[in-house]
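Read the structure below first, then the notes.
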Amino acid sequence: MKKFIKFLCVIMAVAMTVSLASCGGSDEDTITMATNANFPPYEYKEGDNFKGIDVEIATEIAKKLGKKLEIADVEFGSIIGGVQSGKYDMGMAGMTVTDERKKSVNFSTTYATGIQSVIVKSGSKVKSVDDIAKMVKDGGKIGVQQDTTGDIYASDTPDNGGYGEDNVVRYKNGADAVQALVTDKVGCVIIDNEPAKSFVKANKGLEILNTEFTVEDYAIAIAKDNNDLLKDINKALDELKKDGTIDKIVAKYIPSK
Ligand code: ARG
């Protein structure tokens, strides 16, 4: 009997090790970053390679932690849940810190700021944020990337500063929202300023309105029960800020800064 119990224990130990090893978030040697890589200059793909500010900062963090960086390119709206469940170690996607998201995950210290801005077609009747309400009244739609802060603001009720869900068309990524603007399916796109600049540069006949919607902080999402990683990431970020690495990475992608 004793032998049998011992045997059972061994089997259980093996099974546990195997299941731990196969679970992305718990692998000791790698750190998995969930992102949505259609958000230049923070994250985008060139062929099979991931590029951008977040990708490079994450690479430096992984180096400091002595881990290999693995990137999972997923829908923006599934990043928080995946981090919360332990599927990914961190979420890094030009992600804005919001009180609502803080209920589900912890955020690192911030490493960048973003501004929600409005893209229109050149010559559009929408010349300022105030004109959006008029556009919507005339049947025009607002394009956003699903589940982003741009979506949340635009979809909010008018008494809360939004335009109501019915007037918002939600796309899987920012590039799709911008294509919808190019083909007149929507009358404007609300999105973070740096991606807005990249998209406007890549498409003729678009411009960014001169008004800022809101200023936001970008940070890395980490599971609430993963305080060790939160501490390690904050320490790494602090060092990378102090030694100028982050500034250097940002300047490479946003030369004016
Ligand atoms: N800053 C916005 C937010 O947190 C948009 C981020 C979208 N990021 C991305 N990689 N697609 O909601």
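Pull out all pairs, ordered by first then second residue, where Cβ-Cβ is under 6 Å, the residues are six or more apart or on different chains, the first lies in the stretch 231-243 and is under 16 Å from ASN106 (Cβ atoms), and the second is assigned to a helix (DSSP H, G or I) and among the charged types (D, E, K, R).
Pairs that qualify, where the first residue is under 16 Å from ASN106 (Cβ atoms) and the partner is assigned to a helix (DSSP H, G or I) and among the charged types (D, E, K, R), are ALA236/LYS64.
Return the residues of the stretch 99-131 that are more than 20 Å from VAL200 (Cα to Cα) and touching a residue at least 60 places away in the same chain (Cβ under 8 Å); say none if nothing qualifies.
ARG101, SER104, VAL105, ASN106, PHE107, SER108, THR109, THR110, TYR111, ALA112
Looking at (1) modelled with pLDDT of 95 or more; (2) farther than 22 Å from TYR171 by Cβ; (3) touching a helix residue (DSSP H, G or I) at 6+ places or on another chain (Cβ under 8 Å), can you tell me which one LYS102 breaks?
(3)
So which residues in the stretch 79-101 are in a loop (DSSP other than H, G, I, E, B) and out of contact with any strand residue (DSSP E or B) (no Cβ under 7 Å at 6 or more places or on another chain)?
Scanning the stretch 79-101 gives SER85, LYS87, THR98.
If I filter the stretch 79-96 down to residues being closer than 20 Å to THR113 by Cα and touching a Lys or Arg at 6+ places or on another chain (Cβ under 9 Å), which single residue comes out as least open to solvent (accessible area, probe 1.4 Å)?
Across the stretch 79-96, the extreme among qualifying residues is MET95.
If you scan the stretch 182-197, which residues turn out to be open to solvent by 40 Å² or more (accessible area, probe 1.4 Å), touching a residue at least 40 places away in the same chain (Cβ under 8 Å) and not acidic (Asp, Glu)?
Across the stretch 182-197, the qualifying residues are VAL182, LYS185.
Quick one: is ALA177 surrounded by 19 or more Cβ atoms within 10 Å (Cβ to Cβ), under 20 Å from VAL136 (Cβ atoms) and without any contact (Cβ under 8 Å) to a residue 60 or more places away in the chain?
Answer is yes for this residue.
Can you list the strands (runs of 3 or more DSSP E) found entirely within the stretch 199-257 that contain at least 1 residues being open to solvent by 70 Å² or more (accessible area, probe 1.4 Å) and not hydroxyl-bearing (Ser, Thr, Tyr)?
By residue number, 206-208, 215-218.
Got at least one residue in the stretch 61-78 being of a type outside the set (Phe, Trp, Tyr), in a loop (DSSP other than H, G, I, E, B), within 20 Å of ASN227 (Cβ to Cβ) and open to solvent by less than 30 Å² (accessible area, probe 1.4 Å)?
Looking through the stretch 61-78, none of the residues is of a type outside the set (Phe, Trp, Tyr), in a loop (DSSP other than H, G, I, E, B), within 20 Å of ASN227 (Cβ to Cβ) and open to solvent by less than 30 Å² (accessible area, probe 1.4 Å).
Taking the stretch 30-60 on its own, how many of its residues are open to solvent by less than 10 Å² (accessible area, probe 1.4 Å), within 15 Å of the ligand (Cβ to nearest atom), over 18 Å from PHE199 (Cα atoms) and in contact with a helix residue (DSSP H, G or I) (Cβ under 7 Å, 6 or more places away or on another chain)?
4
The values are calculated or read from the model by the stated rules, or taken from the named source; none is laboratory data. None of the values given here were measured: they were computed from a predicted structure. With ideal geometry, Cβ positions are generated from the backbone for all residues, glycine too; neighbour counts draw on all protein chains shown. Surface areas here come from the heavy atoms of the whole protein model, side chains and all, with no ligands, DNA or RNA. Shrake-Rupley method; radii C 1.70, N 1.55, O 1.52, S 1.80 Å.
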